[in-house]
Ligand SMILES: Nc1ncnc2c1ncn2[C@@H]1O[C@H](COP(=O)(O)OP(=O)(O)O)[C@@H](O)[C@H]1O
């Protein structure tokens, strides 16, 4: 299996690049943000549990997120591999993912981290908010999300670096050029 983690701050372009990668490599895309938003839209019990947390720009508790992720993996027993987008966002999530994959005789192949400056992120999300209407894209919530990223999520990088699995890619510039940088790394795995 080809199991990739696409890593980066809010607005780094993980969703855009994931779409292109799943098509090229025939992988199953697991975006925890998208899954949470679908639950909120469908007003499931999980959706009701997390909707305020997400609207405020906070991270959903690990136990809830990890359980949901394992369920998504289990739903796709035929997958050639997965792209994890927006997960793991904490070291506890990264550890849980490794443990779970090990239990099904799998592992993370590599982690691709999109590097984007904070200034560029803010501009991109301001633009996106006009289109997405996402409550958590509003300026104050965005600040909270970026804070969560720098407080909790950034620590996931050294976790994978220690495993020799981390590759950093410049996330600013032409979408296709960034895609080429990603595929050059993947094709070398
Ligand atoms: N792995 C996760 N752990 C905790 N919360 C998560 C996770 N993935 C998504 N969320 C929640 O969903 C929100 C939106 O996530 P996402 O769509 O990935 O947005 P972003 O554009 O910030 O990368 C996050 O701010 C957080 O509240």
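Points to keep in mind about this one:
- Of all the criteria given as (1) closer than 23 Å to residue 56 by Cα; (2) within 16 Å of the chain's Cα centre (by Cα); (3) within 13 Å of the ligand (Cβ to nearest atom); (4) assigned to a helix (DSSP H, G or I), the one not satisfied by residue 154 is (3).
- Condition check for residue 19: more than 12 Å from the ligand (Cβ to nearest atom), assigned to a helix (DSSP H, G or I) and in contact with a strand residue (DSSP E or B) (Cβ under 9 Å, 6 or more places away or on another chain): yes
- Some residue of the range 26-49 being out of contact with any helix residue (DSSP H, G or I) (no Cβ under 9 Å at 6 or more places or on another chain), in a helix (DSSP H, G or I) and more than 8 Å from the ligand (Cβ to nearest atom): no
- Pick from the range 72-87, criterion touching a residue at least 60 places away in the same chain (Cβ under 8 Å), assigned to a loop (DSSP other than H, G, I, E, B) and under 17 Å from residue 104 (Cβ atoms), ranking: nearest to the ligand (Cβ to nearest atom): 87
- Residues that are surrounded by fewer than 16 Cβ atoms within 10 Å (Cβ to Cβ) and outside any helix (DSSP H, G or I), drawn from the range 116-137: 117, 133
- Test: residue in the range 32-46 that is under 17 Å from residue 94 (Cα atoms) and either surrounded by fewer than 15 Cβ atoms within 10 Å (Cβ to Cβ) or without any contact (Cβ under 8 Å) to a residue 60 or more places away in the chain (or both): yes
- Hits in the range 166-182 - residues which are out of contact with any strand residue (DSSP E or B) (no Cβ under 7 Å at 6 or more places or on another chain) and loosely packed, with under 14 Cβ neighbours inside 10 Å: 173, 174, 175, 176, 177, 180
Readers should treat all values here as calculations from the given coordinates under stated rules, not as data from a laboratory. Note that the structure is predicted; figures quoted are calculated from it, not measured. Glycine gets a Cβ as well: all are built from the backbone with ideal geometry, and neighbour counts include every protein chain shown.
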